[in-house]
1. Let me confirm something: among 221, 234, 204, 210, which residue is modelled with pLDDT under 65 and either of a type in the set (Asp, Glu) or touching a Pro at 6+ places or on another chain (Cβ under 9 Å) (or both)?
2. Are there any helices (runs of 4 or more DSSP H) wholly within the stretch 66-141 with 2 or more residues that are touching a Leu at 6+ places or on another chain (Cβ under 8 Å), touching a residue at least 12 places away in the same chain (Cβ under 8 Å) and over 30 Å from residue 153 (Cα atoms), and if so which?
3. Looking at (1) touching a residue at least 12 places away in the same chain (Cβ under 8 Å); (2) in contact with a helix residue (DSSP H, G or I) (Cβ under 6 Å, 6 or more places away or on another chain); (3) of a type in the set (A, V, I, L, M, F, W, C), which one does residue 156 not meet, given that it meets all the others?
4. State yes or no: is residue 180 modelled with pLDDT under 85, of a type in the set (A, V, I, L, M) and surrounded by 10 or more Cβ atoms within 10 Å (Cβ to Cβ)?
5. Within the stretch 50-58, can one find any residue that is modelled with pLDDT under 95, loosely packed, with under 14 Cβ neighbours inside 10 Å, touching a helix residue (DSSP H, G or I) at 6+ places or on another chain (Cβ under 8 Å) and farther than 24 Å from residue 163 by Cα?
6. All but one of (1) in contact with a helix residue (DSSP H, G or I) (Cβ under 8 Å, 6 or more places away or on another chain); (2) within 23 Å of residue 181 (Cβ to Cβ) hold for residue 86, so report the exception by its number.
7. Within the stretch 39-64, how many residues turn out to be closer than 12 Å to residue 115 by Cβ, not in a loop (DSSP other than H, G, I, E, B) and not charged (D, E, K, R)?
8. Any chance the stretch 140-156 includes a residue that's within 23 Å of the chain's Cα centre (by Cα), closer than 16 Å to residue 76 by Cβ and surrounded by 14 or more Cβ atoms within 10 Å (Cβ to Cβ)?
Amino acid sequence: MSKNINGEDQFDGVEEIETNATDEVEEVKRCGRTKLINVWNIPRGHRIVVNCNELNQPIGEEAGVLAKFLGMVARNGSLCSLSFKDWRLLIGKKDRNNKQINKEAILNQVKKRFLYPARMETWVLQTIGERWRQHKSNLKSIFYPHKNQDANNSNAPDGVLADQWVAFVNNWMTPKAQDLSETNRINCTRRKAVHTFGTKSFARNREDLRENDPEMKYPHRAVLYIHTHTSNIR
């Protein structure tokens, strides 16, 4: 049993070698997607160390790498199947030994490559769940309501398993799913404010403001809101 960066008991295994994200991570972008080659192929015994704040949210440059990796996990059909209608059903699936097999498989892929406090695990799963739902929303743009079911089923996009795509389309073609989609669309049109810092999380922005404060104090929520919702284009 090893100790993580906060002195908590963490994973058993080989001796850990701390890896700095800025030195070791290679990003290769193809067709609009980022491929974290060095993260997926990180040598055995190496893991990227991620710190977190008092809210159990990751901070630092390593947090950005982790967030991108979690997005890739969410889009991996072998780990996060599109056949499930609800994220809670996906991670709650159990085997005959009452183990949550999908949840364990997902976390195992993350823990192989990142070393973080155990108390951050809830954030990790929540983030993957959010990315999974966003992935399904993005795929919806390939689904055409005016086409029949067979035409949609044969329109699987690259990188999506055919059987999962069929299950995904069949779900979207139900009246209940269509009504929910329309409700969400209307709600989005009513949104008046959006943050302007791209993929950089609120936790990382909050930490940056603290580090730039003369007294090293965390910013008030109002200050953080203005900071993240004001265009930085001058």
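1. Testing whether each residue is modelled with pLDDT under 65 and either of a type in the set (Asp, Glu) or touching a Pro at 6+ places or on another chain (Cβ under 9 Å) (or both) leaves just 204.
2. In the stretch 66-141, the matching helices (runs of 4 or more DSSP H) lie at 101-111, 121-139.
3. (1)
4. Against the criterion (modelled with pLDDT under 85, of a type in the set (A, V, I, L, M) and surrounded by 10 or more Cβ atoms within 10 Å (Cβ to Cβ)), residue 180 qualifies.
5. Among the residues of the stretch 50-58, at least one is modelled with pLDDT under 95, loosely packed, with under 14 Cβ neighbours inside 10 Å, touching a helix residue (DSSP H, G or I) at 6+ places or on another chain (Cβ under 8 Å) and farther than 24 Å from residue 163 by Cα, which makes the answer yes.
6. (1)
7. Of the residues in that region, 6 qualify.
8. Scanning the stretch 140-156 turns up at least one residue that is within 23 Å of the chain's Cα centre (by Cα), closer than 16 Å to residue 76 by Cβ and surrounded by 14 or more Cβ atoms within 10 Å (Cβ to Cβ).
The values are calculated or read from the model by the stated rules, or taken from the named source; none is laboratory data. Owing to the predicted nature of the structure, the values given are computational and were not obtained by experimental measurement. Backbone-built Cβ (ideal geometry, glycine too); neighbour counts: all protein chains shown.
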